[in-house]
Every structure is written in structure tokens, then in C-alpha cells.
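Have a look at the structure below, then the notes.
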Amino acid sequence: MEKISLLVITDKTCSLELIIMADVTNIATKLADLKLFQNVLLESEQKLIAQTDDNTICERLEGMIKSDRENLGIIEAAISRYGNAAEPRDITQQHAQKVSQMMSGSELTLYDKYLQLELLKHQQTMTGLVLHKVAQSLNDELQDLMEPLNRVNFENRAHQEILKGVLYFVGTREIAGKEPDMGLWASIEQGIAALKGAVSSAVS
């Protein structure tokens with residue numbers, strides 16, 4: 001009976017170790033995916049600036065690029081602190097390559113390209129949020145390590161609000177052939193200010 005009990009304990013210990021190893025590998029891979037698509041975002045934003053002749057939209061993109069460069073540094077720092085570097089998944093690399101081709105090509109209209117950028121921002125936001133929540137559920141040390149990602153998540157949400165406005169402006173011109181209501185930017189700025197307030201509360 002004692003030997004059987006010992007085997008059960010040993011099996012449970014091995015299973016626990018395998019679960020921990022799986023958690024480490026999964027988190028490392030998701031961080032690698034996050035870094036890859038942060039670079040894709042930067043590349044896409046730079047391509048869209050070159051394809052956009054609206055000065056207001058270009059200014060918004062320049063602000064996003066500055067923020068995304070800082071956020072890339074935060075992601076890289078999180079990977080370094082985590083200490084278990086991994087490569088992005090093959091499917092993620094294929095997706096990134098496809099997005100890069102679409103942003104450079106002529107198959108999509110400008111509206112379509114901005115829509116793809118907004119979808120990428122949403123993807124980054126959700127991946128970052130899930131990583132942050134997973135870290136909270138595992139242990140305090142991992143939670144502290146992932147905490148800076150929370151700021152990246154909030155900034156990506158703010159960028160989504162900006163891109164909603166961009167989509168409205170570009171879409172109105174593309175579909176209706178007329179100028180949109182410029183007053184929309186004011187409501188967008190109010191929404192971003194509210195998000196910034198949430199960021200300040202979250203990181204203070």
C-alpha cells in the first residue's frame with residue numbers, strides 16, 4: 001500500500017511539473033507572438049502614412065508610432081525579465097507576412113487597410129489582456145512581471161478609438177465621395193482622455 005501511495009504522489013508531482021512547464025512555454029510563445037505583431041503594427045503604420053494625404057490622420061499615425069515604439073520596448077523588457085525566450089508560432093509568422101503583403105499591395109483600398117490595422121490593434125489588446133489575467137491567476141511574481149503590459153493594453157485601446165475616427169473619415173470619402181464631419185475628432189479626443197484617466201488610475 002505504501003508503494004502504491006508513493007507512485008500516486010510521484011505521478012501527481014510529475015503532472016504538476018508538466019503543467020508548470022506547459023504554462024512557461026505557452027506564455028513565452030504568446031509573448032513572442034505579441035512582439036512580432038507589435039513590429040507588424042509599426043511597419044503597417046509607417047506604410048499607411050506614406051499612402052495617406054490627410055495631415056490630421058498622419059499626425060494621429062505619427063503619435064501612434066511613437067507610442068508603439070515605446071510599447072515594443074515594454075514588451076521586449078517583459079520577455080527579458082521572463083527569461084524564457086521563444087519563437088513566434090509558424091501560423092503567427094505566416095499571418096504577419098500576409099498582413100505585410102496586404103499593406104504594401106494594391107488589392108485593398110485605403111479604408112480596407114485601416115480596417116486591418118484596427119483589427120490588429122484589437123488582437124494585440126486582447127492578447128495583452130489575456131496574458132495579464134493569466135499571470136494574475138498563476139502567481140504574484142509573474143503578475144508583477146506582466147504588470148507593465150497593462151499600460152500597453154490601455155494604449156492599444158486608445159489607438160482603437162483613434163482608428164474608429166480614421167475609418168469614419170477615410171470611409172466617408174471613399175464610399176460617399178464627400179468630406180466627413182470634422183467635429184467627430186472632438187468626441188474621439190474625449191474618449192481617449194477618459195481612457196488615459198483609466199490608465200493613470202491603473203498604474204498609480
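When Thr109 is tested against (1) of a type in the set (Val, Ile, Thr); (2) open to solvent by less than 50 Å² (accessible area, probe 1.4 Å); (3) at pLDDT 90 or above, just one condition goes unmet, and that condition is (2). Within segment 82-94, the residues that satisfy the criterion of being without any contact (Cβ under 8 Å) to a residue 12 or more places away in the chain and either surrounded by 17 or more Cβ atoms within 10 Å (Cβ to Cβ) or not in a loop (DSSP other than H, G, I, E, B) (or both) are Asp90, Ile91, Gln94.
Within segment 130-143, the residues that satisfy the criterion of being assigned to a helix (DSSP H, G or I) and surrounded by fewer than 17 Cβ atoms within 10 Å (Cβ to Cβ) are Val130, Lys133, Val134, Gln136, Ser137, Leu138, Asp140, Glu141, Gln143.
One residue alone among Ala22, Ala85, Ala78 is of a type outside the set (Lys, Arg) and at pLDDT 85 or above, and that residue is Ala78. As for segment 70-81, it holds no residue that is crowded, with 19+ Cβ neighbours inside 10 Å, farther than 22 Å from Met146 by Cα and within 17 Å of the chain's Cα centre (by Cα). Return yes when Lys121 is over 14 Å from Leu48 (Cα atoms), at pLDDT 95 or above and in contact with a helix residue (DSSP H, G or I) (Cβ under 7 Å, 6 or more places away or on another chain) and no when it is not. Criteria met by Lys121. Assessment of segment 44-64 against the conditions (outside any helix (DSSP H, G or I) and open to solvent by 60 Å² or more (accessible area, probe 1.4 Å)) yields at least one matching residue.
The values are calculated or read from the model by the stated rules, or taken from the named source; none is laboratory data. Keep in mind the model is a prediction, meaning the values are calculated, not measured. As a convention, Cβ positions derive from the backbone with ideal geometry for all residues, glycine included, and neighbour counts pool all protein chains shown. Ligands, DNA and RNA are excluded from the accessible area calculation, which covers all protein heavy atoms including side chains. Shrake-Rupley method; radii C 1.70, N 1.55, O 1.52, S 1.80 Å.
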